[in-house]
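Shown next, in structure tokens, is the structure this report addresses.
Readers should treat all values here as calculations from the given coordinates under stated rules, not as data from a laboratory. Predicted model, so just to flag it, every value in this text is computed and none were measured. As a convention, Cβ positions derive from the backbone with ideal geometry for all residues, glycine included, and neighbour counts pool all protein chains shown.
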Amino acid sequence: MTRRLWLRGAAASVALAQLPLLRAQEAPPRLVSLSGGMTEVVYRLGVENLLVGTDTTSTYPAAALRTPKVGYMRQLSAEGVLALRPTALLGTNEAGPARVLDQLKSAGLALHLVQADHSFEELRAKVRAVAQATGRIDAGKALDAELQQRWQASLQRVAQAAQQRRAQNRPEPKVLFVMVHGSRPQGAGTDTAAHAMLSLAGVRNVLAGGRGYQALTAEAVAQAAPDIVLTTQDSVQASGGVERFWQHPGLAFTPAARQQRLIAMDAMALLGFGPRLPETLDELRQALA
């Protein structure tokens with residue numbers, strides 16, 4: 001009962017906070033971003049002053065780390081979000097749980113959620129959502145045009161690299177993506193941001209036969225026999241360094257380990273599908289060469 005009363009009171013507070021906006025259309029929105037990629041768009045459009053909170057995936061730019069945090073985007077609580085008195089939420093359909101989103105919507109918050117399909121179109125949708133939520137429509141269109149130009153250039157360089165590889169009769173690299181949270185490493189199958197990035201870079205994901213993130217076993221890694229291992233800088237740090245990273249089950253016996261072919265990238269740049277996407281694809285392509 002106490003929690004229900006608190007939520008009801010919070011909803012009333014949000015409604016009251018919105019009255020000036022409804023009356024005069026002058027009060028700026030109070031935004032909570034539930035997506036690291038979306039947060040980066042907010043900063044690129046220069047409207048970070050409207051952010052009153054972000055989720056824990058919002059780690060770039062550095063200033064985003066200093067914003068009040070509402071927890072991980074998939075494990076939100078209505079109380080934690082409403083305590084910041086936002087008027088709108090920015091994020092993707094990965095945010096949740098669903099019951100919490102329903103509570104926030106019932107509290108009067110506008111939800112600007114885009115489909116997370118791990119594509120360039122997802123990034124464009126994020127730009128449109130932030131532009132709409134902040135009234136920066138022209139700035140959003142300008143950023144969208146800039147991103148499209150940079151993206152086409154990046155894709156062209158990927159295509160040229162693939163053409164050169166075929167001309168030199170070199171095989172397509174086999175890549176294993178490994179993420180380490182805690183002590184159990186996971187590999188990325190299809191329907192993941194990591195798989196999407198490997199596909200965009202024109203290389204083969206050795207775990208494409210499975211779906212989603214899956215626990216890695218020594219047998220599975222040995223059978224996959226990757227030429228290159230792709231991971232995040234956070235995963236290397238969580239493992240205790242590069243040397244310890246190679247000690248995860250099966251990795252030491254792969255062609256990648258024998259050649260010391262390990263690529264460690266910024267997690268949100270690689271997986272967040274934010275405005276750094278074109279440069280990140282270029283960086284990945286160069287590292288895979």
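Annotations for the structure displayed:
- Dipole moment magnitude, nearest 20 debye, the chain about Cα centre, only Lys, Arg, Asp, Glu C-beta charged: 280
- Lys/Arg +1, Asp/Glu -1 at C-beta; the stretch 83-172 dipole; positive extreme among S119, W151, A161: A161
- Global geometry of the stretch 94-136, whether rounded, prolate or oblate, following the gyration tensor of its Cα atoms and the 1.5 cut on a/c: oblate
- Environment charge of D266, counting only residues whose C-beta is closer than 14 Å and scoring Lys/Arg +1, Asp/Glu -1: -4
- With Rh defined as the Kirkwood radius, the inverse of the mean 1/r over Cα pairs, the Rg/Rh of the chain is 1.03.
- Cα gyration tensor shape for the stretch 76-211, rounded if a/c is under 1.5, else prolate or oblate: oblate
- Overall dimensions of the stretch 217-276 by Cα: Rg and Dmax, Å: 12.3, 38
- Across the stretch 163-235 the C-alpha pair distances fall into 10 Å bins from zero in the proportions 19, 53, 22, 6, 0 percent.
- Packing-based order for 217-225, 81-89, using average beta carbon neighbours within 10 Å, highest first: 81-89, 217-225
- When shorter helices are ignored and each DSSP H run of at least 4 residues is given -39500 (n - 2.57), the per-residue value for the chain at 222 nm works out to -14500 deg cm²/dmol.
- Of the beta bridges in the chain, as assigned by DSSP with both residues counted there, near 25 percent are antiparallel.
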